[in-house]
Amino acid sequence: MKEMVSHTIEIKMNKTMRRYLDMCFGYNRYCWNKMLAENIRRQEAKEKYKFDDLSKYLNATKEAWEFDVPSAIRATSFNTLYKSFKRMWKGIANYPKFKKKNKTQQSFLYTVEERTLIWNDDYTKFKINCGKNFKFPQKYRWFKLTEPIGFNGNIKEICFFKKADRYFANFRIQLNQARGQTTATDIVGIDLGLKTYATLSDETTYNLPKKKLKKLEKKVMFYQKRMSHKYKEGQARQSNKYLKTKAKFNKLWWKITCLRKEFLHQTTTDICRNFKTIVVETLRPLNLIKNKKLAKQIQDACWGMFVEMLRYKSASHGNIFIKADAFYPSTQLCNCCGHRFKGSNKLRLQDRIYKCPECGNEEDRDINAAKNLQLYGSRMLAGLQPSWRTWENS
Ligand SMILES: [Zn+2]
């Protein structure tokens with residue numbers, strides 16, 4: 001099967017376009033809620049019906065104003081509802097909920113049919129052209145993107161959504177050919193930490209833009225406080241001042257997430273391009289989170305996401321991805337002679353230097369750990385036991 005990727009790009013909006021997309025979001029919500037309510041009604045009345053009947057019901061009860069909105073939304077709204085019911089029937093999700101304007105993500109899905117997407121020359125603008133199905137007013141039917149689409153392939157689906165008052169399109173693309181395979185041959189071990197985000201065994205380090213993040217986080221806290229002052233309990237509708245602050249808060253929060261994600265994407269792509277074999281430790285953050293002082297920092301670091309990105313990017317770049325055994329003591333071993341600190345001698349979190357009592361090697365703690373992971377990887381590739389086990393026995 002050909003590989004699927006997804007790419008999210010912001011759409012440049014103007015007033016009319018905004019109104020139009022908001023209407024589409026609203027229509028998606030309307031269809032979903034109407035079918036869900038009808039489903040509940042029929043179940044309670046113990047009527048016999050097929051799930052498809054909900055879609056027929058939706059079409060049969062169409063009102064005059066619905067002729068002005070893209071009818072494609074009706075079909076995809078049914079499909080997504082059907083999918084969530086399927087998940088529920090399998091027991092992996094709860095009963096689908098009603099969509100609320102301010103609480104659920106505003107979105108709608110467009111399933112692309114053949115030859116209905118038209119792009120401009122540099123792939124920064126597109127329009128949907130499929131006649132009656134997705135009627136778009138002539139004037140503003142071009143969607144302008146803030147960056148060109150970065151993959152070559154067939155676009156299967158577009159999910160339009162709104163976040164923090166900005167509009168985005170998420171493209172699901174089926175790639176025409178496999179992505180560029182890495183030509184690198186080296187093995188790299190990666191140690192993840194709080195002080196330095198990622199330390200590689202070749203001594204390269206990657207760090208989150210901590211200063212920028214701190215600045216933004218301070219602002220977020222400020223708005224959070226303000227929101228809590230303005231929040232009135234037991235009221236269905238909050239004051240305009242509250243809503244305005246909330247919008248600002250959301251915007252900032254979105255910015256912070258973007259900064260983090262950008263860092264994660266750049267770093268993982270870099271690593272996948274520069275090395276053939278990638279070795280990471282198996283994280284056990286649950287144990288670490290018990291330490292309350294570190295809990296927030298660890299959650300912010302999103303190591304899990306980092307490792308997951310490395311894993312799937314490795315698959316498409318042709319890398320070998322190795323997760324070290326959860327009990328591999330990468331921080332406690334000396335990468336020169338294999339000495340292992342044990343029991344009360346163990347290296348603590350605050351010890352920044354690894355001083356080996358046996359061979360006298362002195363090294364930065366993170367670099368030492370990364371080098372141990374690299375060793376682990378090369379031994380695995382050679383079909384040998386992970387080093388600490390053999391040394392342990394001898
Ligand atoms: Zn040593």
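Bear in mind these aren't lab numbers, they're just calculated from the coordinates by the rules spelled out. This structure is a prediction, so every number in the text was calculated from the model and none was measured. Methodologically, a virtual Cβ is constructed for each residue, glycine included, from the backbone with ideal geometry; neighbour enumeration extends over all protein chains shown.
Based on other C-beta atoms within 10 Å, arrange D122, D270 from fewest to most. Each step should come with its number before you reach the end.
Details: D122 7, D270 14.
By the 10 Å Cβ count, ascending, the order reads D122, D270.
So what are the radius of gyration and Dmax for the Cα set of region 4-175, in Å?
17.0, 56
Treating only the Cα positions of the chain as identical point scatterers, give the base-10 log of I(q)/I(0) from the Debye formula at each q in 0.11, 0.14 Å⁻¹.
-1.02, -1.29
Between region 320-339 and region 254-272, how many Å separate their Cα centres?
Their Cα centres are 26 Å away from one another.
Where does each of V280, V69 land when they are ranked from fewest to most other beta-carbon atoms within 10 angstrom? Intermediate values should be presented prior to the final figure.
On the way: V280 25, V69 19.
The order, fewest Cβ neighbours first, is V69, V280.
Can you tell me the orientation of helix 15-44 relative to the chain, as the angle in degrees between its alpha-carbon axis and the longest Cα principal axis, to the nearest 10?
90
Could you size up the charge dipole of region 4-175 around its Cα centre, putting +1 on the beta carbon of Lys and Arg and -1 on that of Asp and Glu, and report it in debye to the nearest 20?
Working: 36 positive and 17 negative charges, 110 e Å.
Around 520 debye, computed over region 4-175.
Between R379 and T111, what length comes free when the chain is fully extended (0.36 nm per residue of separation minus the Cα-Cα distance, one decimal in nm)? List each step's numbers first, then the result.
On the way: separation 268, 0.36 × 268 = 96.48 nm, distance 4.74 nm.
Length gained between R379 and T111: 91.7 nm.
Apply the Karplus curve 6.51 cos²θ - 1.76 cosθ + 1.60, θ = phi - 60°, to the phi angles in region 257-272 and return the couplings in whole Hz, x for Gly and Pro.
Result, rounded to whole Hz: 4, 4, 4, 4, 5, 4, 4, 4, 5, 4, 4, 5, 5, 3, 5, 5.
Taking one equal scatterer on every alpha-carbon of region 18-103, how large is log10 of I(q)/I(0) by Debye at q = 0.11, 0.20, 0.25 1/Å?
Each listed q maps to, in turn, -0.31, -0.99, -1.39.
What is the order of K162, K48, fewest Cβ neighbours within 10 Å to most? If you can, show how the numbers build up before the last one.
On the way: K162 17, K48 6.
Sorted ascending by nearby Cβ count, the order is K48, K162.
Which of these, S107, S71, S344, has the largest mean-square fluctuation under a Gaussian network model of the chain (Cα springs below 10 Å)?
Evaluated over the chain, the most mobile residue of the options is S344.
About the Cα centre, and with charges only on the beta carbon of Lys, Arg (+1) and Asp, Glu (-1), how big is the dipole of region 1-82? Nearest 20 debye, please. Working shown, then result.
Values: 15 positive and 11 negative charges, 10 e Å.
For region 1-82, the charge dipole is close to 40 debye.
Any aspartates and glutamates with Cα under 20 Å of the K255 Cα? List them, leaving off those in the same chain fewer than 8 positions away.
E10, E147, D165, E217, D300
For the cross-link pairs K99/K232; K15/K162; K15/K101; K48/K103; K144/K241, which exceed 26 Å when the distance is taken from alpha carbon to alpha carbon? Walk me through the intermediate numbers first.
Working: K99/K232 23 Å; K15/K162 14 Å; K15/K101 19 Å; K48/K103 33 Å; K144/K241 32 Å.
Result: K48/K103; K144/K241 exceed 26 Å.
Per the helix-only calculation at 222 nm, which mean residue ellipticity applies to the chain, given -39500 (n - 2.57) for every DSSP H run of n ≥ 4 and division by its residues, nearest 500 deg cm²/dmol? The partial results should precede the final answer.
Working: 10 runs with 167 residues, N = 394.
Here the helix-only value at 222 nm equals -14000 deg cm²/dmol.
Considering only DSSP beta bridges with both partners in region 182-394, what is the antiparallel share in %, to the nearest 5?
Working: 9 of 17 bridges.
That works out to approximately 55 percent antiparallel.
What lysines sit close enough to K46 to cross-link, taking a C-alpha to C-alpha distance under 23 Å and skipping anything fewer than 8 places away on the same chain?
Correct list for K46: K34, K56, K83, K86, K90, K97.
Test of understanding: express the Cα radius of gyration of region 182-394 as a ratio to 2.2 N^0.38 Å, with N the residue count.
Values: Rg = 21.3 Å, N = 213, 2.2 N^0.38 = 16.9 Å.
That works out to 1.26 for region 182-394.
Determine one quarter of the surface area of the Cα convex hull of region 301-393, which equals its mean projected area, and express it in nm² to one decimal. Working shown, then result.
Working: hull surface 28.6 nm².
Quarter of the Cα hull surface area: 7.1 nm².
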